[in-house]
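Asker: Supplied in C-alpha cells, the structure appears directly below.
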Amino acid sequence: MPPPDPLAPIVQALSFIAAPKPPLNTPPTPPQTPDTWTSGSNTATDGALYTPVQVLLGLILSASSDLTSLGNGINSALTGLAAALASLAGDIGQLATVETDAKTVLSGLNLVLNMSKGFAPVAAASTLQSASALFGQLQTLLTDLPDLGVAAAEMAEISQQLTAAAPLFPAA
C-alpha cells in the first residue's frame, strides 16, 4: 500500500477559496508538469467561499490602520510563499523525470560497494559498509516516496491557489 498523499487534503481545503485550474488528472496520465499551474495564463478559479471571505475580510481589515497593515503583511507572506512553492515544485518536477535513473544508479553503486567489501583490506571494509548503507537508505527513500511528479504538481496547484487568495488581503 503506497503512503498517503499529504498534499491532496491541502489542495482540497484551499479549493473552497480558490480551485486550481486545470485540476490535476487523477490518475496523473498523461503527467502534468508544475508549470501547468505556475506559468502562462492559468489562474485558479474562485471557490464557493471566495466572495463571502472577500467581503468579510474587507470589513475587518478596513476597521483600523493596524488591521490594514496586518492584511498587507499576510498578502506579502502569501505571495512570497506561493513563489517559493512554485520554484520548489519546478525543482521537484525535474527530479521526478530522472527518479528511475537515480534509483538505478544507487542500486548499481550499492552492488559495487558490496562486491568491493570482499576484495578490500579489512581496514577499508567498515568504510565501504557505511557507504553501502548510505546509498541503500537513499534508494529506499526514493522507493518509499509517493510519486514525485504528483507531489510537484500538487505543490504547483497550492502555489496557484495561494496566489489567487493573496488579493483577499489588501496590498500596500
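The values are calculated or read from the model by the stated rules, or taken from the named source; none is laboratory data. These numbers come from a predicted model, not from an experiment. Methodologically, a virtual Cβ is constructed for each residue, glycine included, from the backbone with ideal geometry; neighbour enumeration extends over all protein chains shown.
Asker: Check region 39-51 and report whether any residue there is in contact with an Asp or Glu (Cβ under 9 Å, 6 or more places away or on another chain) and either within 14 Å of VAL150 (Cα to Cα) or surrounded by 15 or more Cβ atoms within 10 Å (Cβ to Cβ) (or both).
Answerer: Yes, because at least one residue in region 39-51 is in contact with an Asp or Glu (Cβ under 9 Å, 6 or more places away or on another chain) and either within 14 Å of VAL150 (Cα to Cα) or surrounded by 15 or more Cβ atoms within 10 Å (Cβ to Cβ) (or both).
Asker: I would also like to ask the following. Kindly indicate whether any position in region 69-78 is buried (at least 16 other Cβ atoms within 10 Å of the Cβ), of a type outside the set (A, V, I, L, M) and farther than 22 Å from ASP147 by Cα.
Answerer: For region 69-78, residues buried (at least 16 other Cβ atoms within 10 Å of the Cβ), of a type outside the set (A, V, I, L, M) and farther than 22 Å from ASP147 by Cα: present.
Asker: State which residue is surrounded by the fewest Cβ atoms within 10 Å (Cβ to Cβ) when the search covers only region 160-172 and only residues that are at pLDDT 85 or above, under 13 Å from ALA77 (Cα atoms) and not small (Gly, Ala, Ser).
Answerer: The qualifying residue surrounded by the fewest Cβ atoms within 10 Å (Cβ to Cβ) is PRO167.
Asker: May I pose another question? From the residues in region 129-159 that are of a type in the set (A, V, I, L, M, F, W, C) and buried (at least 19 other Cβ atoms within 10 Å of the Cβ), which one is modelled with the lowest pLDDT?
Answerer: Taking region 129-159 and keeping what is of a type in the set (A, V, I, L, M, F, W, C), we get 131, 133-135, 138, 141-142, 145, 148, 150-153, 155-156, 158.
Of the ones still in play, those that are also buried (at least 19 other Cβ atoms within 10 Å of the Cβ) are 135, 150-153, 155-156, 158.
On the way: PHE135: 68, VAL150: 81, ALA151: 80, ALA152: 83, ALA153: 86, MET155: 86, ALA156: 90, ILE158: 90.
That would be PHE135.
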